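Following: one structure in structure tokens, then a few remarks.
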Amino acid sequence: MSTVFSKIIAREIPADIVYEDELVLAFRDIAPSAPTHILIIPKHEIATANDVTIEDEAALGRLFTAAAKIAAEEGIAADGYRLIVNCNAHGGQEVFHLHMHLVGGRPLGPMLARK
Ligand code: 5GP
């Protein structure tokens, strides 16, 4: 089942795209959690982190290369930021096309609430 992210890749629905190459696409999150909140996605659909295979390594590595480039362009590299990949229900995944959140632009606090 294709997701809204496939429609963004196909330009069937709009998105504020900040980076694209042959392997990945990056665009601003529609409901940002911080001044910079960008989603970086492989152009081919991988549903979750559980579904990653060796064939995906080039695109998944590129997520990090793109994140570093975008963070520099956003002016948040020196102060720092957070890269997040959510998986399934306990991870809070909502869109089942694997994606990396690049979040920054303010202090983000502790990674997880300690309970
Ligand atoms: P997840 O919870 O799956 O890790 O994150 C999904 C993210 O996708 C959420 O932060 C949500 O705001 C974002 N999102 C969902 N639908 C759209 C959309 O149509 N456009 C954009 N730009 N972001 C979306």
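Would it be correct to say that E94 is among the charged types (D, E, K, R), surrounded by fewer than 17 Cβ atoms within 10 Å (Cβ to Cβ) and part of a loop (DSSP other than H, G, I, E, B)? So E94 passes the test.
Restricting the search to region 1-45, which residues are of a type in the set (D, E, K, R) and closer than 24 Å to A58 by Cβ?
Once the filter is applied, which keeps residues that are of a type in the set (D, E, K, R) and closer than 24 Å to A58 by Cβ, region 1-45 yields K7, R11, E20, D21, E22, K43, E45.
Quick check, is E73 more than 13 Å from the ligand (Cβ to nearest atom), surrounded by 11 or more Cβ atoms within 10 Å (Cβ to Cβ), at pLDDT 95 or above and in a loop (DSSP other than H, G, I, E, B)? So E73 does not fit the description; no.
Out of the residues in region 1-29 meeting the condition of being near the ligand (Cβ under 9 Å from one of its atoms) and surrounded by fewer than 12 Cβ atoms within 10 Å (Cβ to Cβ), tell me which one is nearest to A71 (Cα to Cα). Show your work before the answer.
Looking only at region 1-29, we keep the residues that are near the ligand (Cβ under 9 Å from one of its atoms), and these are 3-5, 7-8, 13-16, 27-29.
Add one more test, that the residue is surrounded by fewer than 12 Cβ atoms within 10 Å (Cβ to Cβ), and what stays is 13-14, 16.
Details: I13: 25, P14: 22, D16: 16 Å.
Among those residues, the one meeting the criterion is D16.
Looking only at region 80-94, residues that are under 18 Å from V18 (Cβ atoms) and away from the ligand (no atom under 13 Å from the Cβ) come to 1 in all.
The values are calculated or read from the model by the stated rules, or taken from the named source; none is laboratory data. What you are looking at is a predicted structure, and each value in this text was computed from that prediction instead of being measured. Cβ coordinates were reconstructed from backbone atoms using ideal geometry, including for glycine residues, and neighbour counts include every protein chain displayed.
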